[in-house]
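Okay, so here's the structure we're looking at.
The values are calculated or read from the model by the stated rules, or taken from the named source; none is laboratory data. The shown structure was predicted, so the numbers you read here are calculated from the model rather than taken from an experiment. Ideal geometry is used to build each Cβ from the backbone, glycine not excepted, and the neighbour counts take in all protein chains shown. Side chains are part of the model used for accessible areas, which takes the heavy atoms of the whole protein and leaves out ligands, DNA and RNA. Shrake-Rupley method; radii C 1.70, N 1.55, O 1.52, S 1.80 Å.
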Amino acid sequence: EFRQDKLTSGYFVNGLSQPFYGDHQRNVNSLYFQDDWKYELNSIWKLNLVPAVRLDNYPEASIGSQFSPKIGINLSHDEIWRGSVRGNVGKVYRAPTYNDLYWPEDSFTKGNPNLRPEKGLTYDFGFIVQFKAVGSWSVESTYFASMLEDLILWAPGAVKWMPTNIAKAKTTGIESKVVWHVFDSFLNLQASYTNMSAKDDGNDPTTSGKYLIYRPKDQYNLGLNLSYGIGSFNIFYNFVGKRFHDAQNTIELSSYSLINANIGVSPKIFGVNLNLRLEGNNLGNKEIQITQGTPIPGREIRFSVGLAGSITGLN
């Protein structure tokens, strides 16, 4: 794989171009290999191992070459009930993007050309089970964790939002989901819950052990879908728990919940699928700030029309 990033920046004073961040170019050369080893333990149980390695070479001396090995495992069962136990572990890294480095400074934000790449280890393991009992069910849960060094995090500084490196950060959590289909999928219900702990794991006494900004501990979602013929109805409830605006955890934003819904019909006219949808967002008309100082709109009603089809018979 080869990727090239280019940045040309400047501004005009009295009609003359002046340098801003200058011109930059990044050529990234990468090699990637992945295999899939399959073993049939018996007629019911199967084992998959997926080893992978990736090598990325960056021109910047501060990034250089990065080697990222990873392995995944999946033990699956297929008989009266279907399911699998699965897991992944691997090294990860993320180079700062040109937006991170050179975001043009304005009254609210600016980039940080001194960023270092973030590196670390991530792993997850979990299960999924599918079975039939008064309809069909899918139940899954995954534990995930990451230990990162030099995490790149956009956060409010002394004056403006800008990205900085967090010396060490540790994130752990559990994500679970249940889906129920009944009456030949006329009615679908789904519920998901995420519990997460994302903390600064560095040595700075003012932030060590504090929660990373805008990483809520609790989130859950509920959804209901009704579909019959060309019509459908969906309603969603989303809850996001409390989170912090600053690295010292002195400014806490309240939890919030949203209810969104939509009704759609998709008739076929002259071989073309016509998609009509009426949406209602934030139906409770709540005053919510997902990010401090930037409230989302109140109740919002949208109507959209879409066409989907294909042209055939042309030579």
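Descriptive notes on the structure:
- For region 134-147, 3J(HN,Hα) per residue [Karplus equation, 6.51 cos²θ - 1.76 cosθ + 1.60, θ = phi - 60°, Hz, x = Gly/Pro]: 6, x, 10, 10, 9, 10, 9, 8, 9, 9, 10, 7, 8, 10
- Qualifying trypsin sites (Lys or Arg not before Pro) in region 107-193, DSSP loop, other Cβ atoms within 10 Å at most 15: LYS160
- Residues GLU105 and VAL182, FRET efficiency given R0 of 51 Å [Cβ-Cβ distance, rounded to 0.05]: 0.40
- Formal net charge of residues neighbouring GLU118 (Cβ-Cβ distance under 12 Å; K, R +1; D, E -1): +2
- Taking a Cβ cut-off of under 13 Å around ASP23, the surrounding Lys, Arg, Asp and Glu residues balance to a net charge of +1, with basic ones at +1 and acidic ones at -1.
- Compared with the alpha-carbon gap, the fully stretched path from SER30 to ASN42 is longer by 0.5 nm at 0.36 nm per residue.
- Using only the C-alpha atoms, the convex hull of region 153-230 corresponds to 128 Å³ per residue.
- Charge dipole (debye, nearest 20) of the chain; +1 at Cβ of Lys and Arg, -1 at Cβ of Asp and Glu: 320 debye
- Note that region 131-281, at 4 °C in a medium of 1.567 mPa s, gets a Stokes-Einstein diffusion coefficient of 69 µm²/s from its Kirkwood radius over C-alpha pairs.
- Packing, as the average of other Cβ atoms within 10 Å across residues, places the peptides 215-222, 59-66 in the order 215-222, 59-66, highest first.
- When the Cα positions of GLN25, LEU41, ASN114 are compared along the charge dipole of the chain, LEU41 comes out farthest toward the positive end, with charges on each C-beta of Lys, Arg, Asp and Glu.
- The amide H of GLY157, built 1.01 Å from its N in the peptide plane, has MET162 as neighbours under 5 Å, considering only residues 5 or more places off or on other chains.
- Under Karplus coefficients 6.51, -1.76 and 1.60, residue-wise ³J(HN,Hα) of region 157-173 in Hz, glycine/proline x: x, 4, 10, 9, 6, 7, x, 9, 8, 8, 3, 9, 9, 10, 10, 9, x
- Averaging the Cα positions of each part gives two centres, and for region 34-71 and region 101-134 these lie 20 Å apart.
- Environment charge of MET196, counting only residues whose C-beta is closer than 14 Å and scoring Lys/Arg +1, Asp/Glu -1: +3
- Option label - Cα extents along the principal axes in Å computed here, alternatives [x] 60, 51, 44; [y] 65, 60, 53; [z] 89, 45, 36: [y]
- For region 46-117, the set of chymotrypsin sites (Phe, Trp or Tyr not before Pro) satisfying both a DSSP loop assignment and a count of at most 12 other C-beta atoms within 10 Å is given as TRP81, PHE108.
- For the residue pairs LYS119/LYS160; LYS160/LYS286; LYS170/LYS217; LYS6/LYS168; LYS110/LYS242, alpha carbon separations beyond 21 Å are given by LYS119/LYS160; LYS160/LYS286; LYS6/LYS168; LYS110/LYS242.
- The solvent-accessible area of ARG302, taken with every protein chain present and a 1.4 Å probe, is close to 120 Å².
- FRET E, pair LEU224, GLU1, Förster distance 35 Å, beta-carbon r, rounded to 0.05: 0.25
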